[in-house]
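None of the figures in this text is laboratory data; all of them are computed from the coordinates on show. Here the structure is a predicted model, which is why all the values come from computation and not from measurement. Methodologically, a virtual Cβ is constructed for each residue, glycine included, from the backbone with ideal geometry; neighbour enumeration extends over all protein chains shown.
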Amino acid sequence: PVKKDMFGFQYVIVVVCHMSRFAVLAPLKRADSQEVITALRVIWNWGRAYQRAMSADGIRLSYMSRYSPWSNGICERIMPSIKNYLKGLSKVEYRRWSTFLSSIARRLNTKPLRDGSDQSPYSIIFGHHYREEEERRFTSGSTTIDLAREKRDDSSTDEVASEEEIKSLQSQRALILQEVLRCRDDRRPNHGSDQVQSRALPSVGSRVIRVGAAAAGDRR
């Protein structure tokens, strides 16, 4: 549970696809079955018809024991990331933290998996990498900028832009897009304190350089 926001939400339900690691987050006002069912919008029972439907689709349900969160490690590993994002909100934003769950889910789902494949949960589900809003704005549509139909406020005649002006605007747009892509690559996806990469310990006999005020340049 987290601090109740202005809309009365106090819990977050986390649903993760076991295959793609795609996460779905939804706010809850109460931690009871009715709230969970409303959030999931899927109601089923363990009848034979449901079992046959799950078997036909190749879906296997796995249940975990009560009070054993370690058996649901996929969801449990996401919890610290969600808490870190919520801690990064300002006091004003935290009063409506439930409205930021979609942004948190987007950052979780666009984070590359740690299998070296450069794939993210988003790319596995949708078949392509997620593009930031700035990238979509500068790459959507034709590369030719049509300024031939632009009208002035004080005149009813059309103004036709010269080829030099069009080339200048295209070059400016290309530079802005290049800067957007560079900033996106430099930014760590889902940066948080729980995602700091650990460095392997040096092997026995290797040379280690200590960096500090007390032993600057000291080699061991």
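GLU164 to GLU93: FRET efficiency via 1/(1 + (r/R0)^6), r the Cβ-Cβ distance, R0 41 Å, to the nearest 0.05? Write out the running numbers ahead of the final one.
Numbers: r = 46 Å, r/R0 = 1.11.
Plugging the Cβ-Cβ distance into 1/(1 + (r/R0)^6) gives 0.35.
Take the Cα of PHE7, step 7 Å toward its Cβ, do the same at ASN72, and the gap between the two points is 2.2 nm.
Sort region 11-126 into rounded, prolate or oblate with this rule: let a ≥ b ≥ c be the square roots of the eigenvalues of the Cα gyration tensor; rounded if a/c is under 1.5, and if a/c is not under 1.5, prolate when a/b is larger than b/c, oblate otherwise.
On the way: a/c = 1.97, a/b = 1.30, b/c = 1.51.
It comes out oblate by the Cα gyration axes.
The stretch between ARG48 and GLN178 holds 41.2 nm of extra length on full extension. This uses 0.36 nm per residue minus the Cα-Cα distance.
Straight-line cross-link reach from LYS87 at under 22 Å between alpha-carbon atoms covers these lysines, not counting any fewer than eight positions away in the same chain: LYS3, LYS4, LYS29, LYS111.
Under 20 Å from a label point 7 Å along Cα→Cβ of ARG114: give me every residue in region 74-88 with its amide N that close. Label zone hits: 74-86.
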